[in-house]
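The values are calculated or read from the model by the stated rules, or taken from the named source; none is laboratory data. In this text, all values refer to a predicted model and were calculated from it rather than measured experimentally. All Cβ positions, even for glycine, are placed from backbone atoms using ideal geometry, and neighbour counts span all protein chains on display.
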Amino acid sequence: MANEVLYSKAIPVTHEADVFVAGGGPAGVAAAVYAARMGKKVYLVEASGSFGGAATTMLIPAFMQFSSDDIFLAEGIGREVHTYLKTKAPECYSRYCPNSIPVEILKLCYDEMMTESGASFSFFTSVLDVIVRDGKIDAVICSSKQGIFAVKAKMYIDCTGDGDLSYLAGAECRKGDDETGEMMAATLCALWEGTDFSRATQPQRAFLEDAFRDNVFTNIDRHLPGMWRIKDGVTGSNVGHIYDVDGTDSDSMTSAMVASRKQLREYRKYYREYLDGYENMELVISAQQIGIRESRRVMGEYVMTLDDFRNRASFDDEIGRYCYNIDIHSGKNTDEGYQKFAKDHETFRYAAGESYGIPYRMLVVRGFDNLLAAGRCVSTDRYMQSSLRVMPGCYITGQAAGAAAAIASEVGCAARDIDVARLQKQLKSMGAYLPNCED
Ligand SMILES: Cc1cc2nc3c(=O)[nH]c(=O)nc-3n(C[C@H](O)[C@H](O)[C@H](O)COP(=O)(O)OP(=O)(O)OC[C@H]3O[C@@H](n4cnc5c(N)ncnc54)[C@H](O)[C@@H]3O)c2cc1C
């Protein structure tokens, strides 16, 4: 081919492990901590400089629900994180926002959990490529300041959010709408100071139409997730959409970063000039990365669909249950797109106490013996991804993947062949909500 170079080089294998985890977001931390606590040698690489994934690199201001009514669905790692934050940052938990994220405390929480678990990890290190032989990953190639190196493990878990490891291994991935490829809009989240919650206008969208009429915004966008109270005077924003962003394309991400920083100025004007309580609000910091709600979904041995949500599905190989509503932000800034988002949001939601089951098979990447995928990139259609992608859901799939990888590496079998009853027993011993599994 015309414009190519051939690059070939012998590189060292610097790490050998029972379980390798790519990505240190909620799914990756849950997977690594769980496998390490089961006595396995674990190595995790994380591209950024902290654990937490979107919550820390994209400054997501709040967790979605951990519970359905009084049933705590994210038992296990999710419960531990929840308890840690409530204990160390009680000022962040109030009737305004029961699950807001004190981001520096969350980073410490994950540092401690990972260190205490005995798992090894490297920040500023990315998965660059994968060597596969006969449906089995032989090694992953990583890159860091030291250069390129290889890691060999018995089991591999993809928790990169974007499904990078699986994609590089050649697994079947889908992106966005199956017909149009449309993906949910992205949002640059940020932290602000100077808000007075005692006077804050609710709902925050109350004067959007006035602001549209006054040309405050370059784009007329009626989605407005809003500002969350993190603690007195400190707010986390999830406002403004950037459309047609592909989180797996750095050129697309580059333009989105520039556009979204500019757009934040427009929201600053709206909040300060149209709403009470925000007159003195000032931007402290915007996230280092625009928030990506949707990119690749890695196809597993089961693909969860909207029917599973509708049916409150139960499965023999269930590894947990979750409940967040269907939440597909429109990928196009049109009235039709916004109306569909709003309608789905209202139609597909559960009553208190309801939940859907999550089958183990969906974590097993189709066509591979030793690869699991957990977190945002799990094997679903778009509808189910929009529910299960939130952080409590990622703890559930992450910890199950970690436990399954630990079992498979110990027994020496393929991920699809593990004793599911043993996996369920293991998860139950940590409190996982598995009402349909016998003890
Ligand atoms: C704007 C926005 C608002 C949201 N609001 C909420 C909310 O209110 N509540 C809620 O619970 N959830 C919310 N979410 C969803 C949630 O934050 C994410 O879906 C969730 O964090 C996904 O977890 P994860 O572990 O799968 O991936 P991530 O959190 O994305 O973590 C993946 C990690 O992998 C690393 N990584 C990526 N590629 C590589 C690679 N090749 N090599 C090494 N490391 C790599 C990344 O640096 C990252 O740290 C929101 C998301 C967005 C974008």
statement: Looking across the stretch 73-101 at residues that are touching a Phe, Trp or Tyr at 6+ places or on another chain (Cβ under 6 Å) and of a type outside the set (D, E, K, R), the single one that is nearest to residue 434 (Cα to Cα) is 73
query: Within the set of pairs 6 or more residues apart or between chains, which connect a residue that is crowded, with 23+ Cβ neighbours inside 10 Å inside the stretch 321-333 to a residue that is among the aromatic types (Phe, Trp, Tyr) and assigned to a loop (DSSP other than H, G, I, E, B) with Cβ atoms less than 6 Å apart?
result: 321/433; 323/350
query: Condition test on residue 419, is it under 22 Å from residue 36 (Cβ atoms), without any contact (Cβ under 8 Å) to a residue 60 or more places away in the chain and of a type in the set (D, E, K, R)?
result: yes
message: All but one of (1) buried (at least 22 other Cβ atoms within 10 Å of the Cβ); (2) in a strand (DSSP E or B); (3) more than 16 Å from the ligand (Cβ to nearest atom) hold for residue 270; state the number of the condition that does not hold.
response: (2)
- line: Result of the Cβ filter at 6 Å on the stretch 96-111, keeping first residues that are in contact (Cβ under 8 Å) with a residue 24 or more places away in the chain and partners that are surrounded by fewer than 20 Cβ atoms within 10 Å (Cβ to Cβ) and among the polar types (S, T, N, Q), at least 6 apart or interchain, is 107/50
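Considering the stretch 239-259 alone, what residues qualify as being assigned to a loop (DSSP other than H, G, I, E, B) and not hydrophobic (A, V, I, L, M, F, W, C)? Talk me through it step by step, then tell me what you get.
Applying the first criterion (assigned to a loop (DSSP other than H, G, I, E, B)) to the stretch 239-259 yields 239-241, 243-249.
Passing the criteria: 240, 241, 243, 244, 246, 247, 248, 249.
Report yes if residue 375 is within 27 Å of residue 252 (Cα to Cα) and crowded, with 21+ Cβ neighbours inside 10 Å, otherwise no.
yes
What about residue 77, is it more than 11 Å from the ligand (Cβ to nearest atom) and either within 21 Å of residue 160 (Cα to Cα) or of a type in the set (Phe, Trp, Tyr) (or both)?
Numbers: more than 11 Å from the ligand (Cβ to nearest atom): yes; either within 21 Å of residue 160 (Cα to Cα) or of a type in the set (Phe, Trp, Tyr) (or both): yes.
Yes; evaluated as a whole, the condition is true for this residue.
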query: Is it the case that the stretch 216-223 has a residue that's surrounded by fewer than 19 Cβ atoms within 10 Å (Cβ to Cβ) and of a type in the set (Ser, Thr, Tyr)?
result: yes
query: For residue 228, all conditions in the list (1) farther than 30 Å from residue 14 by Cβ; (2) without any contact (Cβ under 8 Å) to a residue 40 or more places away in the chain hold save one; what is the number of the exception?
result: (2)
- prompt: Which residue, of 337, 300, is small (Gly, Ala, Ser), without any contact (Cβ under 8 Å) to a residue 24 or more places away in the chain and buried (at least 17 other Cβ atoms within 10 Å of the Cβ)?
  reply: 337
query: Quick check: anything in the stretch 94-106 of a type in the set (Phe, Trp, Tyr) and either more than 16 Å from the ligand (Cβ to nearest atom) or modelled with pLDDT under 95 (or both)?
result: yes
- request: All but one of (1) crowded, with 22+ Cβ neighbours inside 10 Å; (2) within 27 Å of residue 65 (Cα to Cα); (3) polar (S, T, N, Q) hold for residue 426, so report the exception by its number.
  value: (1)
field: Subset of the stretch 67-124 (residues that are crowded, with 21+ Cβ neighbours inside 10 Å, in contact with a Ser or Thr (Cβ under 8 Å, 6 or more places away or on another chain) and of a type in the set (Ser, Thr, Tyr))
entry: 110
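Residue-wise test of (1) touching a Phe, Trp or Tyr at 6+ places or on another chain (Cβ under 6 Å); (2) assigned by TED's automatic domain parsing to the domain that holds residue 125; (3) more than 15 Å from residue 243 (Cβ to Cβ).
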| site | (1), (2), (3) |
| --- | --- |
| 150 | no, yes, yes |
| 154 | no, yes, yes |
| 158 | no, yes, yes |
| 161 | no, yes, yes |
| 164 | no, yes, yes |
| 173 | yes, yes, yes |
| 185 | yes, no, no |
query: Which number in (1) part of a loop (DSSP other than H, G, I, E, B); (2) more than 14 Å from the ligand (Cβ to nearest atom) marks the one condition that residue 17 misses?
result: (1)
task: Examine the stretch 53-69 for a residue that is more than 15 Å from the ligand (Cβ to nearest atom) and outside the structural domain of residue 224 (by TED's automatic domain parsing), and state whether such a residue exists.
output: yes
message: Which pairs turn up if I take residues in the stretch 187-211 that are touching a residue at least 12 places away in the same chain (Cβ under 8 Å) and look for partners that are in a helix (DSSP H, G or I) and within 16 Å of the ligand (Cβ to nearest atom) with beta carbon separation below 7 Å, at least 6 apart in sequence or on another chain?
response: 188/260; 188/261; 188/264; 190/264
